[in-house]
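Step one of this worksheet: look at the structure below.
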Amino acid sequence: MKQFFAALWAKWNLVLLPALIKLGFWGVGAVALLDSSSIPVPMDLILATYVWNDKGHFWLYCLMAALGSAIGGLLPYGLGRAGGELFLLKRVNRDRYERMRQRFERQEFLAMMIPSMLPPPTPWKAFVFAAGVFEMRVVPFLLAVFCGRMVRWLLLSLLVLKLGPGAVAVVAHHALVVLAVVGGVAVAGFAVWWMRKKRAGKLEI
């Protein structure tokens with residue numbers, strides 16, 4: 001079995017991936033779809049190469065990559081929706097599971113969009129799986145992933161246009177800082193939203 005997967009991985013890297021890359025706009029969408037659904041690839045590096053070689057159409061590569069990533073995410077999302085609840089309940093008790101569900105449902109769009117904006121090592125597929133488990137509706141899910149990926153790759157493209165393909169290494173080097181900053185902003189934004197909602201509730205009373 002290990003040899004089979006090793007051969008499959010080699011064929012992907014040597015044959016399928018180069019073939020898809022040659023397809024231009026459609027190729028970057030297909031690679032992003034596979035990256036999100038099943039086969040991990042260095043998506044940032046691939047996108048940066050596209051953008052650097054065709055600077056005038058950087059926005060189109062970002063658009064196709066974001067679209068492909070959103071569609072590809074439907075696979076882990078579907079797995080979470082199909083049997084993820086049982087999977088989680090084997091690892092956490094019912095009370096903790098319900099608390100996790102409530103936290104997710106309060107701001108499910110941001111809960112999916114923010115991880116989609118973040119670079120590796122963000123465990124993105126875990127958030128996608130959770131979106132399926134907690135039954136986030138398909139259209140908001142697709143929109144959240146698309147928006148998050150679009151923001152991420154537009155920012156990366158602007159860095160590539162300014163710094164060259166080496167911008168990918170800069171992003172990777174500062175990935176933990178980016179995670180901390182965006183995470184902090186997200187927590188602060190949620191705290192402000194929650195306080196406003198709480199005050200509005202008191203006023204209504």
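The values are calculated or read from the model by the stated rules, or taken from the named source; none is laboratory data. Quick caveat, the model's predicted, so the values are computed rather than measured. When the accessible area is computed, the model is the full protein with side chains, heavy atoms only, and any ligands, DNA or RNA have been set aside. Shrake-Rupley method; radii C 1.70, N 1.55, O 1.52, S 1.80 Å.
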Please work out how much length the chain gains when fully extended from residue 126 to residue 52, using 0.36 nm per residue of separation minus the C-alpha to C-alpha distance, in nm with one decimal. 23.5 nm
Classify segment 53-178 as rounded, prolate or oblate from the Cα gyration tensor: take a ≥ b ≥ c as the square roots of its eigenvalues, call it rounded if a/c is under 1.5, otherwise prolate when a/b beats b/c and oblate if not. prolate
3J(HN,Hα) from dihedral phi, segment 40-51, Karplus parametrisation 6.51/-1.76/1.60, rounded to Hz, x for glycine, proline: x, 9, x, 4, 4, 5, 5, 5, 4, 5, 4, 4
Rounded to whole Hz, the Karplus (6.51, -1.76, 1.60) HN-Hα couplings of segment 76-92, x for glycine and proline: x, 4, x, 5, x, 6, 6, x, x, 4, 5, 4, 5, 5, 6, 10, 9
What is the percent carbon and sulfur in the accessible area of segment 29-181, measuring with a 1.4 Å probe over the protein chains and ignoring ligands? 69 percent
